[in-house]
Amino acid sequence: MSAALPETAPAAPGDETPERRFPTAPLFLSGPAALLFAALVLTPLFLTALLSFNQFDYATGRTGGFTLEHYLSVVTDEYYLEIFLRTFRISALATAICVVIGVPEAYILSRMTNPWRSIFLLVILAPLLVSVVVRAFGWSMLLGPEGPVNGALIALGIGRMKLLYTEGTVVVALVHVMLPFMVIPVWTSLQKLDPAVEQAALSFGASRATAIVRVVAPQILPGILSGSLIVFGLSASAFAIPGLLGGRRLKMVATVVYDQYLSDLNWPMGAAVAVILLAANLIIMLTYHRMVEGHYRRRLG
Amino acid sequence: MSFLELKNITKRYGPLTAVGDVSLSVEKGEFVSLLGPSGCGKTTTLQMIAGFVEPSAGTIRLDGRDITRAKANSRGLGIVFQSYALFPHMTVFDNVSFGLEMQRVARGERKPRVEEALSLVHLSPYAKRYPRELSGGQRQRVALARALVIRPPVLLLDEPLSNLDAKLREAMQFELREIQRKVGTTTVMVTHDQAEAFSISDRVVVMEAGRITQIDQPYRIYEHPETEFISRFVGKTNLLPGKVVTATGAGATVSLAGIAVPVETADLSVGETVTLCIRPEKLHLTAPSSGLLTGRVADRFFLGSQWLYHIDGPVGTLMVVTPNDGSTPAEQGAPVGLEWSPSVVRVHRGAMAEAPDVALEVTG
């Protein structure tokens, strides 16, 4: 300390003391990203929120003024309520199925040795290389009335079934699209796991299943948590899958927003629905995060 | 019949033989260490005893029962892993209790046994903590308590002290031995640290390239290493190449760069190439031009309780360790004489494996 003082002293007189000088480096470093974020995310979001309070005139299509009627009608109208409930039901179901399939998938992946592990990781990620729209059309060809699935059902004597434009199909397609987003965080937290911990459980007489349930699963909970948040958030705001596989009648929130904007041209209404979706999504995700995180925070840090 | 018996255990990975033909008998209550450099197969051997690696050939018997192909979770052994492998999401108490739970010990009986194990390792006040709230030494104790609480027939320790700092490691060594004596559990420890192996084992098994090269008491291994590799690996040593010039029934004379040195090895023949192996602490500094050879102090290092000298002489650089008895040490550059008793010289037949860069060969 005392050796450093004479060095800094000559530079000090004209300048401000280091304590009072505002630290500029953090600002410079975070600035570009903050600007980009503000310009591309916060501004449209803010404008959307503003728009949702505007009045809409069906006759002229003009917007302006201030009203809460869009929010009121969304909250009170059973039509919207049903769509919101359906959206969250479908998202929750897709998330649950992703956990059930994705977690064992990630575990098996982490136990593979290298040529196979890389190959299967690629297989899991490969669907991300294909556009969601293309994959949705793939499902609709597969499940359509003349598609191979119905063809097989007829051949088996079960007869033709209505597969397209059902909730089940939307859930299946969402799971297909979202699975990598579950596998990757879980796989990452499995990578951080000390393999000796599972061996330790075995050495104390635990069966393999017990070792997985009691020792492995609790440790990859953070991975499962972030995976489910990603899957739920993306599913709740999914547009292409419900738009193409849900048809005209099976609407989800994102498709309703689209309809309001482009069919009814009621932009304020669409904006209000979008804002409510964002708020509801946030509340659900934060609650879930809090519930699960509170469980492991002290233990895993 | 010994308690734990390995018979001709071999593990091959493709063309590579990780462990070759290892046979070892461990008596009940004995503390045996597998000592060797990394990659010598000691950990693989331990994992085969534990049941995590299946031997390619050979048998493992525990208390007369063949456990060669038994599953790891049916062997009931207590294992302390190198990384400790504690369950991070469980408290210290739950960690220790886990093995008892798996053995379906009644809840009422579990609590006193866990408490007993925790007090054995002096961790009773920490029962409610999580592993990440403990220091390295404390985690190590939890791992030990967790392994001992199930009263295993054999305790396996995989480099148990390697993650601790030097001071703690030394303290834990003695504690480990004390606990093992108290509990009386047959113990097999894997280590690359010879000080660790020597200070706490009844017997040490030296492994080299997948094979056992010597099984003996620590003292015997240090004083009578059977191979040149062991004398290098275990402690510091001076290796001197020479040729036998005279040989009688009681001993021989070996010429080291023209200097005749008496040795007590009997069955040598004249003209044979040999390597003499002398521990640094067995050499004594004397007045210049007395003793067996004369040299000059090239370097000296103060080690607290000892002085380590590098002496340049006609046979190369020799390491000499003398106790710090408070007297004035030899100055750097000063000429000194060296002497030793013929009984401390170990003779290995044949030339040395590597260049005689003994001064740099500071192992352990």
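Read the figures in this text as sums done on the coordinates, not as results from a lab. As the structure is a prediction and not an experimental result, all values here were calculated from the model. Positions of Cβ are backbone-derived with ideal geometry, glycine not excepted, and every protein chain shown enters the neighbour counts.
Taken along the Cα-to-beta-carbon direction at a fixed 7 Å, the label points for A:Leu156 and A:Ala280 span 3.5 nm. Restrict the search to the stretch A:159-245; then list the trypsin sites (Lys or Arg not before Pro) that DSSP places in a loop and that have at most 13 other Cβ atoms within 10 Å of their Cβ. For trypsin sites (Lys or Arg not before Pro) across the stretch A:159-245 that sit outside H, G, I, E and B with at most 13 neighbouring Cβ atoms in 10 Å, the list reads A:Arg160, A:Lys162, A:Lys192. From its DSSP helices (H runs of at least four residues, each -39,500 (n - 2.57)), the protein assembly as shown gives a residue-normalised ellipticity at 222 nm of -13500 deg cm²/dmol. Counting Cβ atoms of other protein chains within 10 Å of each Cβ in A:188-200 and taking the mean gives 4. Legend: residue pairs B:Lys7/B:Lys42; B:Lys11/B:Lys167; B:Lys28/B:Lys182; B:Lys42/B:Lys282; B:Lys7/B:Lys236; B:Lys42/B:Lys243, Cα-Cα distance threshold 25 Å; pairs beyond threshold, B:Lys11/B:Lys167; B:Lys42/B:Lys282; B:Lys7/B:Lys236; B:Lys42/B:Lys243. At q = 0.06, 0.13, 0.15 Å⁻¹, what is the base-10 log of I(q)/I(0) for chain B according to the Debye formula with one equal point scatterer per Cα and no solvent? Please give it to two decimals. Cα-only, vacuum Debye calculation for chain B: -0.30, -1.03, -1.21. Here the dipole of the stretch A:66-300 is about 740 debye; that uses its Cα centre as origin and unit charges on the Cβ of Lys and Arg (positive) and Asp and Glu (negative). Checking every one of the trypsin sites (Lys or Arg not before Pro) in the stretch A:14-97 against DSSP loop status and a limit of 12 other Cβ atoms within 10 Å picks out A:Arg20, A:Arg21, A:Arg62. By the count of other C-beta atoms within 10 Å, a proxy for reagent exposure, B:Val92, A:Val215 are ordered fewest to most as A:Val215, B:Val92. Compactness of the stretch B:143-209 was expressed as the Cα radius of gyration divided by 2.2 N^0.38 Å, which yields 1.08.
For the protein assembly as shown, the spherically averaged projection of the C-alpha convex hull amounts to 50.2 nm².
Of all segments of chain A bounded by GluC sites (Glu not before Pro) found in a DSSP loop with no more than 11 other C-beta atoms within 10 Å, the longest spans A:147-301.
Note on the stretch A:66-300: Rg/Rh from Cα positions, Kirkwood definition for Rh, rounded to two decimals, is 1.05. Using a 7 Å offset from Cα along Cα-Cβ at B:Arg129, what residues in the stretch B:56-99 end up with backbone N under 12 Å from the label point? Flagged as within label range: B:92-93.
This model, with +1 at the C-beta of Lys and Arg and -1 at the C-beta of Asp and Glu, gives the protein assembly as shown a dipole about its Cα centre of some 2100 debye. Considered as an equivalent ellipsoid built on the Cα gyration tensor, the stretch B:17-154 has semi-axes of 29, 18, 13 Å, the largest given first. Taking the fewest neighbouring Cβ atoms within 10 Å as the starting point, the ordered list for A:Phe239, B:Phe98 is A:Phe239, B:Phe98. Extents of the stretch A:136-182, largest first, come to 37, 17, 16 Å (Cα atoms, principal axes, whole angstrom).
Across the options A:Gly227, A:Asn150, A:Val130, the greatest Cα extent toward the positive end of the charge dipole of the stretch A:66-300 (unit charges at beta carbon of Lys, Arg, Asp, Glu) belongs to A:Gly227. Neighbour counting of Cβ atoms within 10 Å sorts the residues B:Ile150, A:Ile101, fewest neighbours leading, into A:Ile101, B:Ile150. Amide H to amide H, with H built 1.01 Å from N, B:Arg211 comes under 5 Å of B:Gly20, counting only residues 5 or more places away or on other chains.
Kirkwood hydrodynamic radius, the stretch B:91-151, all distinct C-alpha pairs: what's the number in Å?
Details: mean 1/r = 0.0899 Å⁻¹.
Taking every pair of different Cα atoms in the stretch B:91-151, averaging 1/r and inverting gives 11.1 Å.
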